[in-house]
Amino acid sequence: MSHSQALWALAQGEALSLEIGPGPRELVVTKGRVWLTQQGSASAPPEDVWLEAGQSLALASGSRVVMEAWPQADFQLLVPPAACRARSGRQLAKPIKPVLAKAFGLAC
């Protein structure tokens, strides 16, 4: 998968609601700016975060976020490498190309 295939785009005024999981994710803004609201809980209120191109935010498994582009944005929602190792129960000695990892059942 190329980086462009993993890219999501939000147009001006477009909002997106995401439920994160299974496992944690990392949201990386590659272009533009997003306004993100993380779901609150009984012990913590919802939290608003602004992210610009080049910035990222770790998102916990099971969390819910709502995002809006200001004015437009591109982003990636990535599985952190540590989550891959935890899910597979294996740790790779060297990075392996995604196609090969998938072929051998090592991809997340």
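Yes/no matrix, rows are residues, columns are (1) over 19 Å from W8 (Cα atoms); (2) assigned to a helix (DSSP H, G or I); (3) modelled with pLDDT under 90:
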position	(1), (2), (3)
W70	no, no, no
C84	yes, yes, yes
R87	yes, yes, yes
R90	yes, no, yes
P95	yes, no, yes
A107	yes, no, yes
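The residues listed here are G23, G62, G54; of these, the one that is modelled with pLDDT under 95, of a type in the set (G, A, S), assigned to a loop (DSSP other than H, G, I, E, B) and exposed (fewer than 13 other Cβ atoms within 10 Å of the Cβ) is G62. Among the criteria (1) touching a strand residue (DSSP E or B) at 6+ places or on another chain (Cβ under 9 Å); (2) surrounded by fewer than 11 Cβ atoms within 10 Å (Cβ to Cβ); (3) of a type outside the set (K, R); (4) within 20 Å of P80 (Cα to Cα), the one D48 does not fulfil is (4).
Of all residues in the stretch 26-51, those being free of Cβ contacts under 8 Å to residues at least 24 places away in the same chain and not in a strand (DSSP E or B) number 7.
The values are calculated or read from the model by the stated rules, or taken from the named source; none is laboratory data. Predicted, not measured: the structure shown is a model, and the values here were computed from it. Cβ coordinates were reconstructed from backbone atoms using ideal geometry, including for glycine residues, and neighbour counts include every protein chain displayed.
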